[in-house]
Amino acid sequence: MRPSPVSPLMSLRGWLSAAALILVLLALARPLDHDESQYVAAAVLAAHGNLPYRDFAYLQVPLQPIVFAPLAWLFGEWAWPGLRVVNALLGTAAIAFVYRGAREGGAAVRPALLGAGLFACTDIMLFSIGTARNDALPVALLAAALPLIMRAANDRGTRWAALLAGLLLAAAAAAKISYALPATAYGIYALLDRRHRPLWVAVGTLPIMAFVAASASWNPHGFMFGVFEFPAFAPGQYYRDRPWKMSWLAKLLDTLKFLALGPALIGLLLTSRVRWRGKWGLARSGRAIDWMLWAGILAALLPFPTWRQYLLPILPPLFVRLAIGWHVGPPGKRTRIALVVFACAGLAPSVEALVRAVPGVPMIEAMRQGKAISAAMDAGGVTGPVATLSPQFLPATRRLPDPRFAAGPFYFRSHDPVALKIEAVDRLVSRGTLAAHFARPPAAILIGGEGKWTSGEAAQDQALEDWAKRNGWRQMPVEGGRFRLYIKPP
């Protein structure tokens, strides 16, 4: 008796389930990164009723802490690994939406799976969704809009789909500001191609725009500083002793390097083969995502220097576009070989992370450190907020970070901080103004999480520790040797 064939839907579900499992394991195995500090802290503080900008500094647009707050409350002590898992699952959703976008654009199952699979093999995507940063949520929202956009492009859209597309793209921009450029590009294109129902797209953006306006009203200066001013001046300050990093040559080399770690670079080169007219019967259907693709490239190249996560908005429209093209003109043998080679290059850093995690899984080690810190805090009677440049370790201790340190090390290391009065209003503390702000000291100071082992700088932690020693704070032993805890004298 012949076995019944497996339906494409069942095959896709199995493929996505396997991808989700692998991405979750990879998220737990990735090295600890101090970039995660402000995102974990923001979600945890929001889970306890604090608002970005008003109650703590947040150096990004405001959506993610609000969306992730219930999850951080649910995870409790496991907030940091829990948020990593959430980001891995959001990455899985983005892969599924790339597949769905290709199918809505006319691609058959095989090229749609190929496009989604290649998207999953880029180091840009794997790195971005493997940590508790703010990359996975906006890329999932952007990717979720692509099937709706492709349906509209092929005269199968509805007003409710247009409204939802507007909502999703606006939400992506409210989670990370670089996604505002692809979202705006689609809005402009919709005005030129009325099949996309631009009025309903605009209506869909209104709830998110209202939310962002409300969040700006919580502390207008804190909002402007965190969203626009700090990202504008901070890189120049940080790299002032390495000006070459801010050059166009460095940008070119970094961009090519990150795109080559995976099939994104060859994918961009192959896009010239995709035409939206003629025998394909898909006239104009891909031009909307072309606009989004070029806007994503612009968004990636604007900031200095370039990091791999900045290139993420390019990838969903790119691989949807390629999958649709491959439906009619499948890649040749040489192209397939090149794609396999580049895909292996994209997987290599993640495979390395998994191999390095064999002796000790980084997130398990982080939770052990958190338990040791918690025991030291219990012994020292610490109940109030804790000053630390590594607030991502605090959920495991059941203590909240001092809101002035919610931004982790990123404002603290500023060479030319804003005025002391503005810092007080915006809930910020810099290294140079530490003594003035500590007239109102925290309950404890935690040292040790900002170092090479978290891609940080131990010198920043040293400034906090020097202040604690000068002012007679008592050091409590923390098992494991990485951390030092100081509690204020009686």
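Among the residues of the range 108-122, what is the count of those that are closer than 15 Å to Phe97 by Cβ and under 19 Å from the mean Cα position of the chain (by Cα)?
2
Among the listed residues Ala153, Ala143, identify the single one that is modelled with pLDDT of 95 or more, buried (at least 24 other Cβ atoms within 10 Å of the Cβ), in the same structural domain as Leu256 (by TED's automatic domain parsing) and on the phi < 0 side of the Ramachandran plot. So that I can check it myself, show each step before the final result.
Working: Ala153 fails: modelled with pLDDT of 95 or more.
Ala143 is the lone residue from the list that is modelled with pLDDT of 95 or more, buried (at least 24 other Cβ atoms within 10 Å of the Cβ), in the same structural domain as Leu256 (by TED's automatic domain parsing) and on the phi < 0 side of the Ramachandran plot.
Which of the residues belonging to the range 213-226 are crowded, with 19+ Cβ neighbours inside 10 Å and either touching a strand residue (DSSP E or B) at 6+ places or on another chain (Cβ under 7 Å) or more than 15 Å from Ala406 (Cβ to Cβ) (or both)?
Step one: filter the range 213-226 for residues crowded, with 19+ Cβ neighbours inside 10 Å, giving 215, 219, 222-223, 225-226.
Result: Ser215, single match.
Among helices (runs of 4 or more DSSP H) lying entirely in the range 399-478, which contain 1 or more residues that are β-branched (Val, Ile, Thr)?
Output list reads 420-426.
Mind listing just one residue for me: the one in the range 35-80 that is under 26 Å from Lys371 (Cβ atoms) and polar (S, T, N, Q) and, of those, farthest from the chain's Cα centre (by Cα)?
Residue satisfying both the conditions and the ranking: Asn50.
Give Arg404, Arg399 a once-over and let me know the one that is basic (Lys, Arg) and under 23 Å from the mean Cα position of the chain (by Cα).
Residue meeting the stated conditions: Arg404.
Suppose the filter is of a type outside the set (A, V, I, L, M, F, W, C) and surrounded by 14 or more Cβ atoms within 10 Å (Cβ to Cβ); does Pro330 pass it?
When the stated conditions are applied, Pro330 does not pass them.
All but one of (1) over 17 Å from Arg484 (Cβ atoms); (2) at pLDDT below 90 hold for Val382; which doesn't?
Failed condition: (1).
For Tyr239, are the conditions met, namely being farther than 29 Å from Ala288 by Cα and either among the hydroxyl-bearing types (Ser, Thr, Tyr) or in the same structural domain as Ile422 (by TED's automatic domain parsing) (or both)?
In short, yes.
Taking the range 330-353 only, how many residues are over 30 Å from Tyr179 (Cα atoms) and touching a helix residue (DSSP H, G or I) at 6+ places or on another chain (Cβ under 6 Å)?
Of the residues in that region, 0 qualify.
Looking only at the range 416-431, count every residue that is touching a residue at least 60 places away in the same chain (Cβ under 8 Å) and closer than 22 Å to Gly236 by Cβ and tell me the total.
Looking only at that region, the number is 5.
Restricting to the range 156-200, count the residues that are over 27 Å from Leu301 (Cα atoms) and of a type outside the set (Ser, Thr, Tyr).
16
Does the range 168-187 hold any residues that are closer than 18 Å to Phe211 by Cβ and surrounded by 21 or more Cβ atoms within 10 Å (Cβ to Cβ), and which are they?
Leu168, Leu169, Ala170, Ala171, Ala172, Ala173, Ala174, Ala175, Lys176, Tyr179, Ala183
Table: residues versus (1) within 21 Å of the chain's Cα centre (by Cα); (2) within 26 Å of Leu63 (Cα to Cα).
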| residue | (1), (2) |
| --- | --- |
| Ala183 | yes, yes |
| Asp193 | no, no |
| Asn219 | no, yes |
| Met224 | yes, yes |
| Phe230 | yes, yes |
| Phe233 | yes, yes |
| Arg242 | no, no |
| Met246 | no, no |
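Name the one entry in Ala436, Ala376 that is at pLDDT below 85 and hydrophobic (A, V, I, L, M, F, W, C).
Answer to the selection: Ala436.
Kindly provide the set of residues from the range 441-464 that are surrounded by fewer than 22 Cβ atoms within 10 Å (Cβ to Cβ) and either within 25 Å of Pro362 (Cα to Cα) or of a type in the set (Lys, Arg) (or both), ordered by number.
Gly451, Lys452, Trp453, Ser455, Glu457, Ala458, Ala459, Gln460, Gln462
Would you check which residues across the range 367-414 are touching a residue at least 60 places away in the same chain (Cβ under 8 Å), of a type in the set (D, E, K, R) and either assigned by TED's automatic domain parsing to the domain that holds Phe233 or within 21 Å of Arg54 (Cβ to Cβ) (or both) and list them?
Arg404
Identify, by number, the condition in (1) exposed (fewer than 14 other Cβ atoms within 10 Å of the Cβ); (2) touching a residue at least 12 places away in the same chain (Cβ under 8 Å) that Ala210 doesn't meet.
Among (1) exposed (fewer than 14 other Cβ atoms within 10 Å of the Cβ); (2) touching a residue at least 12 places away in the same chain (Cβ under 8 Å), the lone unmet condition for Ala210 is (2).
Given the criteria hydroxyl-bearing (Ser, Thr, Tyr) and surrounded by fewer than 24 Cβ atoms within 10 Å (Cβ to Cβ), does Thr122 qualify?
On the way: hydroxyl-bearing (Ser, Thr, Tyr): yes; surrounded by fewer than 24 Cβ atoms within 10 Å (Cβ to Cβ): no.
In short, no.
Checking Val382 against (1) closer than 24 Å to Ala72 by Cα; (2) of a type outside the set (Lys, Arg); (3) part of a helix (DSSP H, G or I), only one condition comes out false. Which one?
Status for Val382: all satisfied but (3).
How many residues does the range 352-362 hold that are part of a loop (DSSP other than H, G, I, E, B) and either surrounded by 12 or more Cβ atoms within 10 Å (Cβ to Cβ) or among the small types (Gly, Ala, Ser) (or both)?
Residues flagged as part of a loop (DSSP other than H, G, I, E, B) and either surrounded by 12 or more Cβ atoms within 10 Å (Cβ to Cβ) or among the small types (Gly, Ala, Ser) (or both) within the range 352-362 amount to 3.
The values are calculated or read from the model by the stated rules, or taken from the named source; none is laboratory data. Predicted model only: the values in this text are computed from it and were never measured. FYI the Cβ positions are ideal-geometry reconstructions off the backbone, even for glycines, and counts take in every protein chain you see.
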